[in-house]
Structures are given as C-alpha cells and as structure tokens.
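Below is one structure, written out as structure tokens, with a few remarks after it.
The values are calculated or read from the model by the stated rules, or taken from the named source; none is laboratory data. Computed from a predicted model, the values in this text were never measured in an experiment. Virtual Cβ from ideal backbone geometry, glycine too; neighbours counted across all protein chains shown.
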Amino acid sequence: MSEAHNKMGLPYHGQMEWSIQPASRIDAVSYEIRGTLAKRARELEALGHEILYLNIGNPGAFGFRTPETMRQAVIRNLQRAEPYGFQMGIFPAREAIAMQFQDRGLKETRYDDVVIGNGVSELVDLSLRALLEPGDEVLIPSPDYPLWSASVVLNGGRPVYYPCPPDRDFEPDLEALASAITPKTRALVVINPNNPTGAVYSKETLKALAEFAKAHQLIVLADEIYDRIAYENTDVVPMATVVDGGVCLTFGGLSKVYRACGYRIGWAVLSGATDSAKDYWEAIEKLAALRLSANMPGQWAVQTALGGHQSIAELVAPGGRLHLARQAVMDAADASNELSLIAPKGALYAFPTIKAIDQAEREKRPLPFTDQDFAETLLEEKHILVVPGSSFNFQNHAHFRLTLLPEPDQLREAVGAMDEVLGQMLGR
Ligand SMILES: Cc1ncc(COP(=O)(O)O)c(C=O)c1O
C-alpha cells in the first residue's frame, strides 16, 4: 500500500486532510433571495436585533392564513395521505386543475394533461431536465425569478436573456427577444404577473410572445403562480389561451394565491398542440416517477382551493390588505426624494428605482454605489432586508425588490427608512 503524504509531500501517518468538494456547476448558480444578505440578517437576529424580512414572498410569515376549508381538506384526508400516490398527482386535484383550464376556454384540457409537484420550484427543474440537451438555450426575462436561470444551468442549458426594461414598464422588448434566438433555442419562459417587477403583460404582448415561440418551435413555459394577484382590475390573460398552434406548459400552485407556501404544491398543465409534445410529456412522467410522488397531504387541498369563492379577490380589491400595502409603498415612494416606482400591477412585490444610480447609469457616469451596497447598508443600519435588483439577472444596478406582504404602516415606515439611508449614502 502506498504511503500517505501531506500537502508538503511529507509522509503522513495521522488522519489525512481532505474536503468534500461540491460540483463546480453549483458555483455557476445563485439564489440571492436567500443568499449572503439573508445569512447576515439571521446573524443580526441572533444578536437580538429585530429584522424586517422583505426578501421573500411568504404570505404565512406575515399573518396571512390559508383558507380554512383547505386546512380542513388536508386534515380530513390525512389518513389517505400516508402512502405514496401516483407520480402525476391524485385524480381530484388534477381534475380540478383541468376544470380550471376548461373554464378559461381550454375545453380540451383533461386531468392527464396535469402534473402535480412539490411546488412550482420542483416542476421548473423537472420540466427543464426533461427538455434540455447540453448547450441548449432558454429565453428568460431579465429581470427574472432566478430559479429559472439556476434550473436551466443545473440541467446543462444556457440562459439567454430578453430585456424587460423599466422604460417599457417592464414589458418585454420584442425586438431584443427576436435577436436572441439561435438554432439552439428550445424554450421561452414567460413570468406573468411578474416577479420581481409586478408587471402584468397586455394580451397583445402575450400574443406576440406566443407567435414568436410558435414560429421558432419553442415550448412556452408560462409561470403564472401569481395568476389571481392583480390590482386595479388588471386582467391577467392566461398564456395558454393565446398559444395557438404552439405548445404551452403553464405553472401554477397553492403558494401565493392560496397563501399555502408550506404545503409545497404546484402544478404544470400542458396545452396547445399537445400531440407534438407526447414524448416530452412521457419524459416528464418518467422523471415524476423517479421521485415517486408529490407531497400527499397538500394535494388534498387543491380541489377545495380551486372551487368556489376565491378569497384572494378581497385581499387585492380596494380596501384589501394587499391593495392597501401596495398603495402604502406607492405613496411612500412618491413622497421619497431618492426613489421612484413603476406601480406594480400584480404579484407580491415592488421593484423601486434608486434615482441617483439610475441617473448615473443613464449618463454612463460611475455609480455612487450599487444596489448591493444599498441593501447591505439598509440591513446593517435599519435591519431591513431587501433583495438587490442585480440578484434577478438584471444588468441594471438601480433597483431592489421588496415584498408587499407586511402591514401597510410597516411598509410606509420601511420605505421612509430606505429614503433616509439613501440620503445618508449620497451625503445629503
Ligand atoms: C415566479 C415564481 N415562480 C415560482 C415560484 C416557486 O413557488 P413554489 O412555492 O410553488 O415552489 C415562485 C416563488 O416565489 C415565484 O415567485
């Protein structure tokens, strides 16, 4: 047996120094919503500071409750939730989701066009794993919800970004999109209503995206997890209803609309020219089988969630808590010297602009500081955690994201604190 040697080449008789190295592809992805700033926030909390966590859209953490009937549905079926279930999900849940699609005008949708997963998060990964060959490209909005980029990379693909810039109210720049296509492009990701910007795309925009995807034989991956969270009567047009002749996979779930993040239930629905996607759907089923089944107790809440009264409607209507929270952030941004805000039309976030950075970027001057510097200072000085805009695969350093979930007064105060910190950082 050969002799062990230490790093200096000398014989070593004790325990070898060694370390388990993670796969290098992990270095290529990031998820700063729960990254280094969040870690620092937890350290400050451990020192006894009270932290206002505006980094995650987690309704239950801000006192929002899952509708009671959903809880009942889980409790009453808990005994039936002990075995593994069918890999694609339980029938009543899949059928309820298919019926929702039928109500939207997609009359052909059947339960077997639906797969249920452990949150949309799992299905994003699974749908890309079933699709991508090494080097395949996926068109992703910038800014994005960074799970999409990470999942593309982890599955051997390459994210290619199409800009959704603030001067278009965060709607996609269709010309830039057209120039991003290559022979390796396989899919178009559309996040609507959008996280992080709060944009809700017009029907014309969605139609143009659908036409583009069809012309280039791309599958549309439509992330609509915020589909019922829209303000001021903004219409959320389901992508599947405008995909004509192409293939669409729509993602939805219980986390946001039904305030049940912890249930870990999401779904994906195949629509459009489903015959062209038969092999792909079988690949998804195979991957679903490999992980046996999705969370069983949570699946029993789906049918109850989707039928009957939709309590999210009151939360987003004038006078509702989310509406008031959004208004509070808009008013506070209006009153601020240092911030501006494109009013979010949907979802659970605001994505304000730091005016001084924006101006410097436009004039191609050196930045006074970056979005990251601001988020760090805000955390250290005011114990408020936000996510820098550049964490969303956005080249622009003038933005940050905060969630609209806290009480309106708390948000008003927090935006005031942000204005104060920015004033200090700018030496005003
Ligand atoms: C746009 C978007 N897609 C997907 C997800 C993941 O949701 P889930 O809880 O269903 O995994 C989120 C969560 O914040 C999201 O914002």
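Observations, loosely collected:
- Top-ranked residue in segment 224-256 [being within 30 Å of Pro297 (Cβ to Cβ), assigned to a strand (DSSP E or B) and touching a helix residue (DSSP H, G or I) at 6+ places or on another chain (Cβ under 7 Å); ranked as farthest from the ligand (Cβ to nearest atom)]: Cys248
- Counting only helices (runs of 4 or more DSSP H) wholly contained in segment 75-169, the ones carrying 2 or more residues that are away from the ligand (no atom under 16 Å from the Cβ) occupy 91-103.
Per-residue answers, yes or no, for (1) among the aliphatic types (A, V, I, L, M); (2) touching a helix residue (DSSP H, G or I) at 6+ places or on another chain (Cβ under 6 Å):
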position	(1), (2)
Arg362	no, no
Lys382	no, yes
Asn393	no, yes
Val421	yes, yes
Gln424	no, no
Arg428	no, no
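- All conditions but one from (1) in contact (Cβ under 8 Å) with a residue 12 or more places away in the chain; (2) among the polar types (S, T, N, Q); (3) away from the ligand (no atom under 16 Å from the Cβ) apply to Gln359; the one that does not is (1).
- Close Cβ contacts (under 7 Å, 6 or more residues apart or on different chains) running from residues in segment 121-139 that are in the same structural domain as Pro172 (by TED's automatic domain parsing) and under 23 Å from Gly57 (Cα atoms) to residues that are buried (at least 22 other Cβ atoms within 10 Å of the Cβ) and among the polar types (S, T, N, Q) comprise Val124/Ser151; Asp125/Ser151.
- Residues that are away from the ligand (no atom under 16 Å from the Cβ) and surrounded by 16 or more Cβ atoms within 10 Å (Cβ to Cβ), drawn from segment 181-205: Ile181, Thr185, Arg186, Thr205
- Output for segment 259-294, where each listed residue is surrounded by 24 or more Cβ atoms within 10 Å (Cβ to Cβ) and of a type in the set (Phe, Trp, Tyr): Tyr263, Trp267
- In segment 89-101, residue farthest from Thr250 (Cα to Cα) [restricted to those that are more than 22 Å from the chain's Cα centre (by Cα) and aliphatic (A, V, I, L, M)]: Ile90
Conditions tested, residue by residue: (1) under 20 Å from the mean Cα position of the chain (by Cα); (2) within 30 Å of Gly389 (Cα to Cα).
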residue	(1), (2)
Ser293	no, no
Met296	no, no
Gln303	no, no
Pro318	no, yes
Asp331	no, yes
Asp334	no, yes
Glu338	no, yes
Pro344	yes, yes
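- Residues in segment 227-254 that are hydroxyl-bearing (Ser, Thr, Tyr) and crowded, with 24+ Cβ neighbours inside 10 Å: Thr250 alone.
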